[in-house]
Amino acid sequence: MTARELDAAGITEPALRAAYTRCRLLNARHGKTYFLATRLLPVERRPAVHALYGFARWADDIVDSLEGDVPPHRRAAALAALQEGLEQGLRGGGGGDPVVLALADTARRYGIPHGHFRDFMAAMRSDLTVTDYPAYDDLRAYMHGSAAVIGLQMLPVLGTVVPREEAAPHAAALGVAFQLTNFLRDVGEDLDRGRVYLPADLLRGHGVDRDLLLWSRRTGSRDPRITEALRAFEDLTRGVYREAAPGLAMLDPVARPCIRTAFVLYGGILDAVADDGYAVVHRRAVVPRRRRAAVALDGLARVAAARAAARWSAPSGAPRPPAELPGAHGTPPAREREHEEVA
């Protein structure tokens, strides 16, 4: 975390500054695409996004790390400890872990419903025992906690020019679209973890099952049935992007370049998968560096235009400046929305 970002956000307490810095490092190391997009946000909003992503990454690492042979019961114990720290942090008790400290501070500053974090943790726990999904509806139910709530957590930070509940379905869909993209890109790696996220009914419709995927991964051989199944999953994912797209115009104009850049870059992963012949069982598709740079430059131009326009008008749904937010300097908010249910 740069001092400029922390200063702009009104984060002055040393332990809290260190906690946000830890989250930024997690974001930079694990989320290259999203980290690049985050740099297009107004400087004072970046720490909150790093806290949200850093916590999600921290929990995901507990579940998915391939380093060493960590048995499921130890992963479950680590998740339980994280959940306990999360609940303590959301109650205002700190939570111990720096990532939780930053997350709880962000939740207080922006009034993020605590139910979003609990739903996310429930999805992480399911990853310890659930290894496949019979149908797309089952996968969508899982992704409510693993992806949709990430989009919902982001909305208070990004700000909207419409009532938040109007933008919420599109934000949730964007979180799902990003995760479906990751599922397609990471088919081979997920097989190594014993998981298949592609719905069994979609695979079966193309004559594919887990055994065929494992055979392909093990031997390096291709099968046209797998290619067709992966193409169908790509089509499904692009449909979710179409669900999410109207939400871009509902965001605070100064936040739109960030999310639009992420939208384009993640969509570019789908293009890269197709361009590589749907070889994701064997290798991860990568967006060319020149393409990433071009999208980033376009985002910078949009940022400049949005900030110029913002000097003349402020959208009604945009977040208040950090100094005016409840708890912006470590003081408890007058009222927290602790148990608001997810829509």
For this session: Subtracting the Cα-Cα distance from 0.36 nm times the residue separation, let me have the gained length for His282 to Val43 in nm, one decimal.
Result: 82.1 nm
Exercise. When N is the residue count of the range 48-185, what does its C-alpha Rg come to as a fraction of 2.2 N^0.38 Å?
Worked result: 1.06
For this session: Return one quarter of the surface area of the convex hull spanned by the alpha-carbon atoms of the range 190-295, equal to its mean projected area, in nm².
Result: 7.8
Problem set entry | Amide H partners (placed H, <5 Å) of Leu251, local residues excluded | Val161
Exercise. If you find the alpha carbon centre of the range 73-112 and of the range 154-233, how far apart are they in angstrom?
Worked result: 28
Seminar exercise, completed: So for the range 76-116, using the alpha carbon gyration tensor with a ≥ b ≥ c as root eigenvalues (a/c under 1.5 gives rounded; past that, a/b versus b/c decides prolate or oblate), I'd call it prolate
Seminar exercise, completed: HN-Hα couplings for the range 136-152 via Karplus (6.51, -1.76, 1.60; θ = phi - 60°), in whole Hz with x for Gly/Pro, come out as 4, 4, 5, 5, 4, 4, 4, 6, 4, x, 7, 9, 4, 5, 5, x, 5
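Set the Förster radius R0 to 25 Å, insert the Cβ-Cβ distance between Leu236 and Arg289 as r into 1/(1 + (r/R0)^6), and round the FRET efficiency to 0.05.
After rounding, the FRET efficiency stands at 0.35.
For Arg218 and Thr12, what is the calculated FRET efficiency with R₀ set at 56 Å and r taken between the beta-carbons, to the nearest 0.05? Write down the numbers at each step before the final one.
Details: r = 54 Å, r/R0 = 0.97.
Step by step, r from the Cβ atoms, then E = 0.55.
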For this session: Give the accessible area for Ile269 in Å² (nearest 10); use a 1.4 Å probe, count only protein heavy atoms, and leave out ligands, DNA and RNA.
Result: 10
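What is the gain in length, in nm to one decimal, between Asp192 and Val161 on full extension, counting 0.36 nm per residue of separation less the C-alpha to C-alpha distance?
Values: separation 31, 0.36 × 31 = 11.16 nm, distance 4.35 nm.
Gain on extension, Asp192 to Val161, equals 6.8 nm.
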Problem set entry | For the range 69-83, Karplus couplings with θ = phi - 60° (6.51, -1.76, 1.60), whole Hz, Gly/Pro x | 9, 8, x, x, 5, 6, 5, 4, 5, 5, 5, 4, 5, 5, 4
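Below 8 Å between Cα atoms, with a sequence gap of 6+, how large is the relative contact order for the range 189-243 in percent? Please list the in-between numbers first.
Working: 27 pairs, mean separation 18.5, N = 55.
Relative contact order here is 34 percent.
The values are calculated or read from the model by the stated rules, or taken from the named source; none is laboratory data. Given the structure is predicted, the values throughout are model-derived calculations rather than measurements. Glycine gets a Cβ as well: all are built from the backbone with ideal geometry, and neighbour counts include every protein chain shown. The area values use the complete protein model at the heavy-atom level, side chains included, leaving out ligands, DNA and RNA. Shrake-Rupley method; radii C 1.70, N 1.55, O 1.52, S 1.80 Å.
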